[in-house]
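To keep things clear, I will list the structure first and then write my remarks on it.
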Amino acid sequence: MKMFLIPTVACFIAAIIVTPSILFAIFSNFSIRQETRFLLLGNALISDLIYLFLYTTTCVCTVINLKIPNIACAFLLFSLAVTYCGGVLTAAGMVIDTYLAILWPLHYFSLLPPSRAKRLLILLWVSSSILPAILFLVLYFTQKTGPCHPDVCSLPVILLMTLHADETVRLFHILFITAFLLSFSLILCCYLVLCFKTRGTGIWKGVSSRASVTFSMHHAILGFHFLPMLILLAESLLYINEMMDLRTGMMLTSIICNVLIVLPKGVSPYLYGFRYRKIYKSLKLFCKFKRPHLVSPAQRYS
């Protein structure tokens with residue numbers, strides 16, 4: 001567990017260095033925060049930063065053998081699920097926003113004005129709490145007292161323990177992962193439809209065109225999110241069918257949670273934040289404003 005703490009802490013530090021500056025550039029500039037795409041970007045960065053903070057906290061507590069009370073552990077796990085779902089739903093909102101802006105540019109501002117975009121963010125957070133709440137209620141009402149009760153609040157351990165529960169809990173475990181895979185697949189399909197419908201507009205001329213780089217960035221981040229869920233689903237099915245032992249399952253689950261899931265959350269602020277011109281210019285202006293200017297003292301002449 002100490003070895004797996006290194007990539008988690010590295011991703012958290014990488015995100016916390018850049019994310020506050022990007023959020024300041026978004027919410028301190030009136031023209032930027034009036035655009036839906038930047039509000040969605042800020043919401044995605046906030047979700048990722050909260051997730052990294054909570055998950056790093058649980059990992060540190062596990063490594064130093066600090067026991068977390070059951071209520072606090074349940075709240076941490078629920079918050080992790082909510083922030084992860086919030087990131088997925090925000091990614092879906094970003095592709096819908098891009099879809100409307102490209103294919104219906106004349107009706108875009110009437111469909112998504114700033115006031116409606118703020119209500120959309122509230123709806124995203126409410127929706128991201130529903131699925132984890134259902135899952136936690138099912139786990140609460142179907143849990144059984146067993147001879148082995150874990151004293152550690154670790155997401156990899158909890159995920160592996162659900163595979164030792166009854167059929168209902170294991171079914172919800174598989175459905176939860178499958179729902180994320182379907183969500184990422186639908187988002188990816190929407191981007192592919194956008195590429196297909198805009199192929200004759202001339203924005204894809206050259207590999208280094210702005211549209212090509214932007215869509216490649218979105219596809220790379222979605223791929224980083226899709227891969228760990230796919231591996232987790234395969235690992236869960238192999239473990240349920242007794243084709244994988246406990247040690248291998250624990251090792252693979254730790255790699256998924258501590259490396260593959262946190263990696264895109266640590267990299268996305270650099271890809272998203274510095275890709276948008278307005279945010280990049282605001283960051284450059286902010287850095288110039290903070291840079292101290294040395295003034296040499298005036299010389300006296302006799």
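Just one of the listed residues (Ile187, Ile158, Ile130, Ile134) is open to solvent by less than 40 Å² (accessible area, probe 1.4 Å) and modelled with pLDDT of 75 or more, and it is Ile187. The residue that is farthest from the chain's Cα centre (by Cα), among those in segment 117-141 that are closer than 15 Å to Ser79 by Cβ and of a type in the set (Ser, Thr, Tyr), is Ser129. Within segment 103-113, does at least one residue satisfy the condition of being in a helix (DSSP H, G or I), farther than 20 Å from Lys265 by Cβ and touching an Asp or Glu at 6+ places or on another chain (Cβ under 9 Å)? Yes, some residue in segment 103-113 is in a helix (DSSP H, G or I), farther than 20 Å from Lys265 by Cβ and touching an Asp or Glu at 6+ places or on another chain (Cβ under 9 Å).
So Phe24 clears everything in (1) open to solvent by less than 60 Å² (accessible area, probe 1.4 Å); (2) touching a residue at least 60 places away in the same chain (Cβ under 8 Å); (3) more than 16 Å from the chain's Cα centre (by Cα) except one condition, right? Which one? Of everything listed in (1) open to solvent by less than 60 Å² (accessible area, probe 1.4 Å); (2) touching a residue at least 60 places away in the same chain (Cβ under 8 Å); (3) more than 16 Å from the chain's Cα centre (by Cα), Phe24 misses just condition (1). The single condition among (1) open to solvent by 100 Å² or more (accessible area, probe 1.4 Å); (2) at pLDDT below 80; (3) not in a helix (DSSP H, G or I) that Lys67 does not satisfy is (2).
Here Thr83 qualifies as within 16 Å of Ser47 (Cα to Cα), β-branched (Val, Ile, Thr) and in a helix (DSSP H, G or I). Looking only at segment 112-127, residues that are at pLDDT below 80 and aliphatic (A, V, I, L, M) come to 0 in all. When the test is whether a residue is in a helix (DSSP H, G or I) and in contact with a Ser or Thr (Cβ under 7 Å, 6 or more places away or on another chain), Gly93 does not pass it. Could you check, for segment 40-49, whether at least one of its residues is under 30 Å from Tyr140 (Cβ atoms) and open to solvent by 20 Å² or more (accessible area, probe 1.4 Å)? Yes, segment 40-49 has at least one match. Screening Tyr99, Tyr55 for residues that are part of a helix (DSSP H, G or I), within 22 Å of Cys257 (Cα to Cα) and either touching a helix residue (DSSP H, G or I) at 6+ places or on another chain (Cβ under 9 Å) or open to solvent by 60 Å² or more (accessible area, probe 1.4 Å) (or both) leaves exactly one candidate, Tyr55. Look at Pro105 and say whether it is within 30 Å of Leu260 (Cα to Cα) and either of a type in the set (S, T, N, Q) or at pLDDT 75 or above (or both). Judged against the criteria, Pro105 is not a match.
The values are calculated or read from the model by the stated rules, or taken from the named source; none is laboratory data. Keep in mind it's a predicted model, so treat the numbers as computed, not measured. All Cβ positions, even for glycine, are placed from backbone atoms using ideal geometry, and neighbour counts span all protein chains on display. Accessible surface is based on the protein model in full, side chains and every heavy atom, while ligands, DNA and RNA are left aside. Shrake-Rupley method; radii C 1.70, N 1.55, O 1.52, S 1.80 Å.
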